[in-house]
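Student: Sharing a structure, written as structure tokens. Questions coming.
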Amino acid sequence: MRERKASGPARRAREFEAFVTGAGGRLLHAATLLTGEAPDDNPRARRLLTLALAHTYARWDRLRGEDPYDCARQYLATRFAHGAWHEYGGFARPRPHPRNALAALTPRERLILVLRLYEGVAEEQVAALLGLPTERVHAICDRATATVLHPPRRPPPAVVRAKAAPS
């Protein structure tokens, strides 16, 4: 009887370890895209991933037929949105990071773009997750895609003319 009880936590740990092995890289990449950090220097993305995996592990026994990847992705997105709201005072202000192609986007635009295009989540699901109308999610995704594909031009560098030497 004791052996059977002891095998439950061990089985749970093995299942979760297999899940992390299979899905951890993709979730880390999604978190890196969300935070706008460089892939080789992403401490915020790694913290976000750790929180999502800890949440998923805590719910592991209660998932019962649900996809653990969906659970982890949803928590990742929710935690990012919550953090962006508190860190930036809302979704309006972007956090520039010049080494990332998504640097010109606001956190909300990044979140919607990553969920829609990278993760392939339906507009209706993204809208429900963020509490927005589907049409708004569609408009934000279109605008973010256009910004990434056709980034705003930067003004040309100022031309500095050397002063002529007095004669």
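The values are calculated or read from the model by the stated rules, or taken from the named source; none is laboratory data. Since we're looking at a predicted model, the values are computed, not measured. Cβ: placed from backbone, ideal geometry, glycine included. Neighbour counts: every protein chain shown. Surface areas here come from the heavy atoms of the whole protein model, side chains and all, with no ligands, DNA or RNA. Shrake-Rupley method; radii C 1.70, N 1.55, O 1.52, S 1.80 Å.
Student: Could you check Ala139 against (1) surrounded by 21 or more Cβ atoms within 10 Å (Cβ to Cβ); (2) more than 26 Å from Tyr69 (Cβ to Cβ) and say which number it fails?
Tutor: Going through the list (1) surrounded by 21 or more Cβ atoms within 10 Å (Cβ to Cβ); (2) more than 26 Å from Tyr69 (Cβ to Cβ), Ala139 breaks only (1).
Student: Here is a further query. Quick check on Arg47: is it more than 25 Å from Glu123 (Cβ to Cβ), without any contact (Cβ under 8 Å) to a residue 12 or more places away in the chain and either in contact with a Leu (Cβ under 8 Å, 6 or more places away or on another chain) or surrounded by 14 or more Cβ atoms within 10 Å (Cβ to Cβ) (or both)?
Tutor: yes
Student: I would also like to ask the following. Quick one: would you say Gly120 is modelled with pLDDT under 95 and either open to solvent by 100 Å² or more (accessible area, probe 1.4 Å) or part of a helix (DSSP H, G or I) (or both)?
Tutor: No; evaluated as a whole, the condition is false for this residue.
Student: While we're looking at this one, here's another question. Which number in (1) at pLDDT below 90; (2) open to solvent by 30 Å² or more (accessible area, probe 1.4 Å) marks the one condition that Thr35 misses?
Tutor: (2)
Student: Just checking, which of Leu51, Leu76 is more than 29 Å from Ser7 (Cα to Cα) and modelled with pLDDT of 90 or more?
Tutor: Testing whether each residue is more than 29 Å from Ser7 (Cα to Cα) and modelled with pLDDT of 90 or more leaves just Leu76.
Student: Give the residues of the range 144-161 that are over 18 Å from the mean Cα position of the chain (by Cα) and modelled with pLDDT of 75 or more, sorted by residue number.
Tutor: Hits for the range 144-161 are Ala146, Leu149, His150, Pro151.
Student: Answer yes if at least one residue in the range 54-61 is out of contact with any Phe, Trp or Tyr (no Cβ under 7 Å at 6 or more places or on another chain) and either farther than 25 Å from Pro9 by Cβ or among the charged types (D, E, K, R) (or both), and no otherwise.
Tutor: yes
Student: Then there is this: Please go through the range 50-85 and give me each residue that is under 16 Å from Gln125 (Cα atoms), hydroxyl-bearing (Ser, Thr, Tyr) and either more than 11 Å from the chain's Cα centre (by Cα) or open to solvent by less than 10 Å² (accessible area, probe 1.4 Å) (or both), ordered by number.
Tutor: Correct list: Tyr69 only.
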